[in-house]
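Engineer: I am attaching a structure below and will ask some questions about it afterwards.
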Amino acid sequence: MAKSDELVKYITQQVVTYIDTPKAVRQHAKALSKEQRESWQTRWFGMLPLAARMFMDQFKPKK
């Protein structure tokens, strides 16, 4: 029973914190985290796309 009370208390704190922050601050934080996020290729496949690109670049003719 105590764990559910703690969960309700935590969720309530998060909601109140969200409501108390101004909309402009929330939008700025969201945009900032979006800029810092890795590309979807890296998040899904790790270093494989980079390794494949480097491998394929070896076979391209140099100008």
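Engineer: Does anyone have the angle between helix 2-20 and the longest principal axis of the chain? Alpha-carbon axes, 0 to 90°, nearest 10?
Structural biologist: 80 degrees
Engineer: Compute the normalised compactness of the chain: alpha-carbon radius of gyration over 2.2 N^0.38 Å, N being the residue count. Walk me through the intermediate numbers first.
Structural biologist: Working: Rg = 22.0 Å, N = 63, 2.2 N^0.38 = 10.6 Å.
So the Cα radius of gyration is 2.08 times the expected 2.2 N^0.38 Å.
Engineer: Sum -39500 (n - 2.57) across every DSSP H segment of at least 4 residues in the chain, then divide by the residue count to get the 222 nm mean residue ellipticity, nearest 500. Walk me through the numbers on the way to the answer.
Structural biologist: On the way: 4 runs with 49 residues, N = 63.
Value at 222 nm, helices only: -24500 deg cm²/dmol.
Engineer: At a 1.4 Å probe, what is the % contribution of carbon and sulfur to the accessible area of the chain? Walk me through the numbers on the way to the answer.
Structural biologist: Numbers: 4160 of 6520 Å².
Exposed carbon and sulfur together represent 64 percent of the surface.
Engineer: Sticking with this structure for a sec: What is the extension gain from LYS62 to LEU50, computed as 0.36 nm multiplied by their sequence separation minus the C-alpha to C-alpha distance, in nm to one decimal? If you can, show how the numbers build up before the last one.
Structural biologist: Working: separation 12, 0.36 × 12 = 4.32 nm, distance 1.92 nm.
Roughly 2.4 nm would be gained on extension.
Engineer: Stretch VAL25-ARG37 to full length: gain in nm at 0.36 nm per residue minus the Cα-Cα span?
Structural biologist: Numbers: separation 12, 0.36 × 12 = 4.32 nm, distance 1.84 nm.
Result: 2.5 nm gained on full extension.
The values are calculated or read from the model by the stated rules, or taken from the named source; none is laboratory data. All values derive from a computational prediction rather than experimental measurement. Keep in mind that these areas ignore ligands, DNA and RNA; they rest on the heavy atoms of the full protein, side chains included. Shrake-Rupley method; radii C 1.70, N 1.55, O 1.52, S 1.80 Å.
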